[in-house]
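Beneath this line is the structure, given in structure tokens, with notes to follow.
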Amino acid sequence: MKLLMIEDNKSVSEMMSMFFQKEDWDVTFAYDGNEAVDKFKEDPTGWDIITLDLNLPGKDGMQVAKEIREVSQTVPIIMLTARDSDSDQVLGLEMGADDYVTKPFSPITLIARIKALHRRVELGEGEEHEENGNGAYDVTTEHLQLSTKTREAFLDGKQIENLTPKEFDLLKTLAQKPKQVFSREQLLELVWDYEYYGDERTVDAHIKKLRQKIEKVGPQVIQTVWGVGYKYDDTGITAPNDADEKSETE
């Protein structure tokens, strides 16, 4: 696995370097925001995971995440933050991070998060190879079409654009079983692939961002079941063509 660790604290980088070596991972370090963006752009498709500190000199982590996402919507990002407030964590996720770890953290926790996120990416790639070569959609509901192979989702023919890896996986998980209610704990396990290190706010932040992107192309299909969790439900939605036909008959 090839990692880019963006961290201005060299003591933290040196400590994590020892753990990365034990995992036999190829790691490159960047110590400020400008260096991080430059190193990423040297090989935009070559990174398996990026860990990104929020507090950086030059450019802060939010700006770095924004610039990375302008180049790649798919590279997985774990944000490292010393700020333990909902607003900072949610903002980081909304800027494109797939997960976050709050400082101070144990190296074992970060390693576990990296492995979990990478495992989800590998599973997604495996599903792509299992599909036939005609680009068929592997999740289809009355209004949604979703292709794991192309990582594209369409609501009534309109593409839901700029989905991050976790937003896509979250939508797929919900849409595969319409009307089934998933708790936040279930979604952490199914989408993030960890049960004990998860924070339910991670799910809520991704749901919020996913809903914003869905609403740009059509009605909201991700429903909240208060006190329980979330579900996908597109029943009762009138497709654009159906609405036009109804207007003509009236």
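The values are calculated or read from the model by the stated rules, or taken from the named source; none is laboratory data. Everything numeric here is computed off the predicted structure, so don't read it as measured data. For neighbour counting, all protein chains shown are included, and Cβ atoms are generated from backbone atoms with ideal geometry for every residue, glycine included. Protein only, heavy atoms only, side chains kept; ligands, DNA and RNA dropped before computing areas. Shrake-Rupley method; radii C 1.70, N 1.55, O 1.52, S 1.80 Å.
The peptide list 223-232, 111-120, 48-57, put in order of mean Cβ contacts within 10 Å with the highest first, becomes 48-57, 111-120, 223-232.
Pairs exceeding a 32 Å alpha-carbon distance, out of Lys2/Lys177; Lys22/Lys166; Lys2/Lys209; Lys2/Lys103; Lys149/Lys216: Lys2/Lys177. Counting only protein heavy atoms and a probe of 1.4 Å, the accessible surface of region 1-122 is 47% carbon and sulfur. Within the accessible area of region 137-230, what % is carbon and sulfur when the probe is 1.4 Å and the other protein chains stay in place? C and S atoms contribute 45 percent here. The heavy atoms of Ser106 present about 50 square angstrom of accessible area, all protein chains included, probe 1.4 Å.
Under a model in which nothing but the beta-carbon of Lys, Arg (+1) and Asp, Glu (-1) is charged, region 137-230 shows a dipole of about 300 debye around its Cα centre.
Judged by the mean number of other Cβ atoms found within 10 Å, the most tightly packed of the peptides 163-173, 23-33 leads the ranking 163-173, 23-33.
Cα centroid separation, region 147-191 to region 23-84: 24 Å.
The residues of region 1-63 have, on average, 48 Å² of accessible surface per residue, using a 1.4 Å probe with all protein chains present. Relative to its Kirkwood radius, the Cα radius of gyration of region 137-230 gives an Rg/Rh of 0.94. Have a look at Leu4, Leu52, Leu110 and report the one farthest towards the positive end of the charge dipole of region 1-122, computed about the Cα centre with Cβ charges (Lys/Arg +1, Asp/Glu -1). Farthest along the dipole direction, towards plus: Leu110.
Shape summary of region 1-122, radius of gyration then Dmax from alpha carbon positions: 12.9, 35 Å. Per-residue surface analysis assigns His206 an accessible area of about 0 Å², computed on protein heavy atoms at 1.4 Å probe radius.
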